[in-house]
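What follows is calculated from the coordinates using simple rules that are stated; it is not laboratory data. Predicted model only: the values in this text are computed from it and were never measured. So basically every Cβ, Gly included, is an ideal-geometry build from the backbone, and we count neighbours across all protein chains shown.
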Amino acid sequence: MKNQRIVILGGGVGGTMVANILGRRLRTKIASKTLEIILLTDEPDHVYQPGYLFIATDQATPERFYRTQKEVTTKNIKLIIDKATIIDRDKRLVVTQSGNAINYDYLVIATGSHPDLDAIPNFKGIGYTFYTQEEALRLRKALTEFNGGRIVVGVGVPHKCPVAPLEITFMIDDLFRQRNIRDKVEIVYTYPIGRLHSLKPVADWAPSQFEKRNIKYETFFNVASVDPEKKLVKSLEGNEQKFDLFIFVPPHKGAKVVRDSGLGDADGFIPTDKHTLKMQGDDRIYVIGDATNLPISKAGSTAHYEADIIVENIIRELDELPPTQYYDGKVFCFIETSLTEATYVWFDYNTPPKPTEPSHMLYWYKLAFNSTYWLAVRGLL
């Protein structure tokens, strides 16, 4: 049998987990030089992205959520820090910014998604978000200095973490309660469709949570632009919201390499089989996490569950056996409902989510997961 190579493109949770689990499961083949596994990422650091919420609300410092990519990558994986510029399906190779051309037998695209901060005119400079460390720190400073006024939360789609807009709203509500100035702060949550969340059971659960916290809301509000002078956020529907502080969950896009290689849709998300997780039309390419165009949540847990499926099927295919594992759409998300309470939802293609009553215990489970993440991304949980 000829030597084989698996290339994993992207060092987020999905790509790193696939690499690490494959590295352990296939260590004999790697040691015998019949298999090489390459993890290609342009980021030298690995970030636990849900931590940005805790940074923005001053519950944690950035260093808690960072490790070097080398620290979280199994030693028998060849780690390359370089930027992929083109994926050539016909030649089965990935071209990098430094000029390397890396051939593959199997490719796992784990390029994720990123916030499009240019999606809304005039957003930069006056609006705030929490999807990067820089933006989370900006928001933390703004919230720390905020002593009263009107906060508007806007939401663009698609975006990472389905419940993040609700979480930031609940967390800032509690932040101002702890500072004893909640009576001086008006919070308005807006959402693009006719309910408070895309998942109907979550949307049905949210209004009572808002009412008990005196959080106002407006639906059918698709953010179109920001007027920085008048401090107005305007919607496609023609409505306006006055703000003193505007927090926006920006729409996300797929990776540039996906768009440049002609593999995805206009936003850079790759057509993917919902069960096999293979790129439509290519049996040698798997897609994981945010990089897919699947109509499921762009969440870390999604990539976690998908990683197990992809690993099992690649192992079989290396031995010329048919894949047998299929992804069922499973997702699990904690929902921070304050700075000391949380709930959760889990769901799959056939089972809708059902939020439970928030509790301190679930909040501590969430904090525990924040710490055990570093074991999970190594494929040890």
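What's the extension gain from Ala368 to Tyr326 if we count 0.36 nm per residue and subtract their Cα-Cα distance?
Working: separation 42, 0.36 × 42 = 15.12 nm, distance 2.93 nm.
Length gained between Ala368 and Tyr326: 12.2 nm.
Counting only pairs 8 or more residues apart or on different chains, how many lysine pairs in segment 224-381 have their Cα atoms under 15 Å apart? Don't skip to the end; give the middle numbers.
Values: Lys230/Lys242; Lys231/Lys242; Lys234/Lys242; Lys253/Lys298; Lys274/Lys298; Lys274/Lys330; Lys298/Lys330; Lys330/Lys354.
Close lysine pairs under the 15 Å cut-off: 8.
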- Task: Please express the Cα-Cα pair-distance distribution P(r) of the chain as a list of whole percents, one per 10 Å bin, running from 0 to the bin with the greatest distance.
- Result: 5, 23, 32, 23, 12, 4, 1, 0
- Task: Starting from 0 in steps of 5 Å, tell me what percent of the Cα-Cα pairs of segment 116-251 lands in each bin.
- Result: 2, 10, 22, 25, 22, 14, 5, 0
- Query: So what's the gap between the Cα centers of segment 193-233 and segment 121-150, to the nearest angstrom?
  - Reply: 18
- Task: Pull out the extension gain between Arg64 and Glu211, defined as 0.36 nm times the separation in residues minus the alpha carbon to alpha carbon distance; nm, one decimal.
- Result: 49.5 nm
- Computed [θ] at 222 nm, helices only, for the chain once each DSSP H run of length n ≥ 4 contributes -39500 (n - 2.57): -8500 deg cm²/dmol
- Arg27-Asn122 pseudo-label distance in nm [points 7 Å out on the Cα-to-Cβ vector]: 5.9
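Between Thr144 and Thr340, what is 0.36 nm times their sequence separation minus the Cα-Cα distance? Round to one decimal in nm. Could you put the intermediate results ahead of the total?
Numbers: separation 196, 0.36 × 196 = 70.56 nm, distance 1.84 nm.
Full extension from Thr144 to Thr340 adds 68.7 nm.
Please give the direction-averaged projected area of the C-alpha convex hull for segment 295-355, in square nanometres with one decimal. Working shown, then result.
Numbers: hull surface 20.4 nm².
Result: 5.1 nm².
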- Note on the structure: Restricted to the chain, the DSSP antiparallel beta bridge percent, nearest 5, is 45
- Residues in segment 130-169 reached by a label modelled at Asn180 [backbone nitrogen below 17 Å; 7 Å Cα→Cβ]: 147-148
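Using a Förster radius of 22 Å, what is the FRET efficiency between Thr356 and Asp273 based on their Cβ-Cβ separation? Nearest 0.05, please. Don't skip to the answer; put the middle values down first.
Working: r = 32 Å, r/R0 = 1.46.
For Thr356 and Asp273, the calculated efficiency is 0.10.
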